1. Scan (1) under 24 Å from residue 244 (Cβ atoms); (2) at pLDDT below 90; (3) surrounded by 13 or more Cβ atoms within 10 Å (Cβ to Cβ) for the single condition residue 59 breaks and write down its number.
2. Let me spell it out: the conditions are (1) outside any helix (DSSP H, G or I); (2) away from ligand 2 (no atom under 16 Å from the Cβ); (3) surrounded by fewer than 19 Cβ atoms within 10 Å (Cβ to Cβ), and residue 73 meets all of them except one. Which number is the exception?
3. Please indicate, with yes or no, whether at least one residue in the stretch 160-183 is within 16 Å of ligand 2 (Cβ to nearest atom), at pLDDT 80 or above and closer than 15 Å to residue 247 by Cα.
4. Pull out all pairs, ordered by first then second residue, where Cβ-Cβ is under 8 Å, the residues are six or more apart or on different chains, the first lies in the stretch 201-213 and is at pLDDT 90 or above, and the second is more than 12 Å from ligand 2 (Cβ to nearest atom) and part of a loop (DSSP other than H, G, I, E, B).
5. How about the stretch 194-228: which of its residues are in a loop (DSSP other than H, G, I, E, B) and under 15 Å from the mean Cα position of the chain (by Cα)?
Ligand SMILES: Nc1ncnc2c1ncn2[C@@H]1O[C@H](COP(=O)(O)OP(=O)(O)O)[C@@H](O)[C@H]1O
Ligand SMILES: [Mg+2]
């Protein structure tokens, strides 16, 4: 679904950008390779000189600086090399869950105690087809950035692993779970980013970090790897609030959560729900999910239509689930009208973007919960039950 795989650029621009990146990659790797050889020589001789002059403190200190700068440059060259070398990796089935846990252990050691680490990792073991070192790199880079964003004030770094179906519109009785995707989210409560910064974060060498602290390559490497794995990466952030990085990767078919298991665990109900979204495919899918859970659903594909249905007989609805942005009516306006007609009616707002939840002003609205599109059956089941039971 394009909501989760959103990108604002037209295809031609993306292609042009892709070509530019490829050329840049070839150029960069050539330079980086030579650069590493030169650095090896600098480091080697600086070390030799250091051995010879251990009795001269000043020389020792200066050589120490030379070495430290050289190591940093070598790291940079290494990053550039891994950035441009995406084709020659060895892909095989990789279990993601243990790798995430492993990386979090590594990261824990490097973060100050003011940063808490939370993990919400599904019991289902997810397998993807990838080079383990690439996956490791993706995780390390995202977690390092998150840690850096919270260096000053502390906060919470959270990593979640779940799965979802990418092509919600393709869901049908015959094919209830098309192309399962792994969703890996790394979030932090750090300083966040302005929209101007977000625009450039995936550009190679773009960094807002002071000299030596950042190479500006982390995220462009991450993006390169994710693309190479036929995945997508999206970002949501707000200055002062924190950031979310979502990585979507195709799962190896047999490792998605078994269907029976989710059905057994999700709560059911028989209440009457008004479901509003101007995307017909989404309404259809939501309706199917909710009806399977036992609910009675009135589907609407327009705000006005929903309002009419509701006003006609407010007593016949126990819950409303509505989209935020619709062509004919703003979801917020709809919510206002609905709660005027029937104060206290439970309302769940559904949106494709977490940004909406941050940016929009929901004060004064009678809202009970948010749900993020695309949702799966278990997610909607839980939210609906919780709101109805409140
Ligand atoms: N979790 C985050 N919170 C805030 N800003 C971030 C985060 N992740 C990345 N950024 C921004 O994106 C920029 C580029 O990141 P990256 O490519 O990893 O390079 P580097 O970390 O070396 O600066 C960072 O300098 C920072 O401005
Ligand atoms: Mg980084």
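1. (1)
2. (1)
3. Taking the stretch 160-183 first, the residues within 16 Å of ligand 2 (Cβ to nearest atom) are none.
Within the stretch 160-183, not a single residue is within 16 Å of ligand 2 (Cβ to nearest atom), at pLDDT 80 or above and closer than 15 Å to residue 247 by Cα.
4. Final answer for the pair search is 201/193.
5. Within the stretch 194-228, 201, 202 qualify.
The values are calculated or read from the model by the stated rules, or taken from the named source; none is laboratory data. Remember, it's a predicted structure, so these values are computed and weren't measured experimentally. Please note: Cβ atoms are built from the backbone with ideal geometry, for glycine as well, and neighbour counts cover all protein chains shown.
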